[in-house]
Structure formats: structure tokens, C-alpha cells
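Okay, so here's the structure we're looking at.
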Amino acid sequence: MRTRRAALTQDVIDRDSQAIAQRLLALPFFSTPRIVSSFVSFKQEVATAGLNAALKERGHELCLPVVSPDVLGEMELYGFDLKAEFIPNRFGILEPPALPEHHIAPEQLEAVILPLTAFDAGGQRLGMGGGYYDRLLKKVRPQCLLIGIAFDFQEAEEIPAEPWDMPLHEVVTPTRHLICRR
Ligand SMILES: Nc1ncnc2c1ncn2[C@@H]1O[C@H](COP(=O)(O)OP(=O)(O)OP(=O)(O)O)[C@@H](O)[C@H]1O
Ligand SMILES: [Mg+2]
């Protein structure tokens, strides 16, 4: 999946990412203002710049991950101003400034938009192997919507699940809105 994703052209990424954003933004869930976390895409991941800008424009309270400088595998969430300067973390992923007044606790979240490497129809998810999302999702409320965004080819027959893996509720691709079976 990583090899296939790495081979995507910018044209395909842009076209598919736009389709994903349109589909996600059209969901009834996002028709009222939500406290939602998204992510800053890295390399050939689904591009989130347009989606994130649209979420903010539509009045959602948007926050983004900032990896913990001292606890490996943990990340915190921060809101940001449009004029804020983003800074690359140790992985090269851009992060908003970690201003205490913009900190959002996981318990406040109504939705988490997640990156992924692969997913299956049951909502099992492979990330990049750091356990960052698995740790974060342990702290969100049970009713918080966990929604993955992915290219269609990232669907696998069955993802092997480990005890710590937190499954997705829904997945949006360029062509589908999947409600995961439980
Ligand atoms: N809640 C947790 N508490 C402690 N360790 C955890 C927790 N969740 C995951 N881990 C550890 O993180 C490591 C990586 O997990 P995993 O392989 O599932 O990553 P991933 O789901 O691909 O990554 P990510 O969650 O960042 O997308 C595992 O070895 C696991 O032991
Ligand atoms: Mg996992």
C-alpha cells in the first residue's frame, strides 16, 4: 500500500483529495459546527489543505496534531489562526504552534479525521506504525466520530487487528462513504 501510494502523481492526489473533501463536507454530520481534529498530509497521503481550509471556513473548530516533544508516540491537538506559521516536526510533518490557549483535549472532540495506510470494511486501520492515533483515540469520548480518509486502492480484504488498534466508524474515499460494520 505504501509503495502504491508513493507512486501516485500529484494530479491524481489533487483530484482524489478534492473528491474526498466534497464527499466528507456534504455529510449531514458536518452541517452543524463541530469540534474536529484533522491532519496535515505528508508526502503522498490524501491532501488535506483544501479540506482543512473548508472545515474552518464553515465554522468548525479545527485542530491539528502536534507530537509530544518528550513522550514518544503521544500527540496533542491544537487549534490555529489562519496566519499562524506551521513548523515541521521531527518527521517533517507541519504542525501549528503549541499555544496553551489553543489546546484541545481529546475529550472535547466530536470527530477525528484520520490518515491511514490501509483499511478494511470492518473499520480496521493500519497507520504508519507509530501508534500515535491508537493512543489518542483511547482518550476520546465513545460518541466521537472516527472517520478515515483514503484513496480507493487502500481498501484491503482484511486488516489484522492487534488489541490496541482502535477501529474506524466510517471511511470516505473519492467514490464512497463507507459505514463500517461492527
Ligand atoms: N494505547 C496504547 N498504549 C500503549 N502503546 C500503544 C497503544 N496503542 C498502540 N501502542 C503501541 O504502538 C505501536 C504501534 O502501533 P500500530 O502498529 O497499531 O501503529 P499504527 O496504528 O499503524 O499507527 P498510528 O496509530 O500512529 O496510525 C505498537 O507496538 C503498540 O504497542
Ligand atoms: Mg494501530
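The values are calculated or read from the model by the stated rules, or taken from the named source; none is laboratory data. For clarity, every value in this text was computed on a predicted model and none was experimentally measured. Using ideal geometry, Cβ is built from the backbone for each residue, glycine included, and neighbour counts are taken over all protein chains shown.
Just to be sure before I move on: is residue 97 away from ligand 2 (no atom under 16 Å from the Cβ) and without any contact (Cβ under 8 Å) to a residue 24 or more places away in the chain in the structure I sent? Lay out the reasoning, then the answer.
On the way: away from ligand 2 (no atom under 16 Å from the Cβ): yes; without any contact (Cβ under 8 Å) to a residue 24 or more places away in the chain: yes.
Yes.
Let me confirm something: among 5, 15, which residue is within 27 Å of residue 135 (Cβ to Cβ), of a type in the set (D, E, K, R) and assigned to a helix (DSSP H, G or I)?
Testing whether each residue is within 27 Å of residue 135 (Cβ to Cβ), of a type in the set (D, E, K, R) and assigned to a helix (DSSP H, G or I) leaves just 5.
What tally of residues in segment 49-94 results from selecting those that are out of contact with any Gly (no Cβ under 8 Å at 6 or more places or on another chain), touching a residue at least 40 places away in the same chain (Cβ under 8 Å) and under 22 Å from residue 27 (Cα atoms)?
Matching residues across segment 49-94 total 1.
Criterion first (more than 15 Å from residue 172 (Cα to Cα) and not aliphatic (A, V, I, L, M)) does residue 22 satisfy it?
Working: more than 15 Å from residue 172 (Cα to Cα): no; not aliphatic (A, V, I, L, M): yes.
Taking the combined requirement at face value, the residue does not satisfy it.
May I ask you to say which residue of 118, 111, 98 is out of contact with any Asp or Glu (no Cβ under 9 Å at 6 or more places or on another chain) and at pLDDT 95 or above?
Numbers: 118 fails: out of contact with any Asp or Glu (no Cβ under 9 Å at 6 or more places or on another chain); 98 fails: out of contact with any Asp or Glu (no Cβ under 9 Å at 6 or more places or on another chain).
The match here is 111.
Would you point out which residue out of 154, 143 is within 22 Å of residue 21 (Cα to Cα) and either modelled with pLDDT of 95 or more or crowded, with 19+ Cβ neighbours inside 10 Å (or both)?
Working: 143 fails: within 22 Å of residue 21 (Cα to Cα).
Residue meeting the stated conditions: 154.
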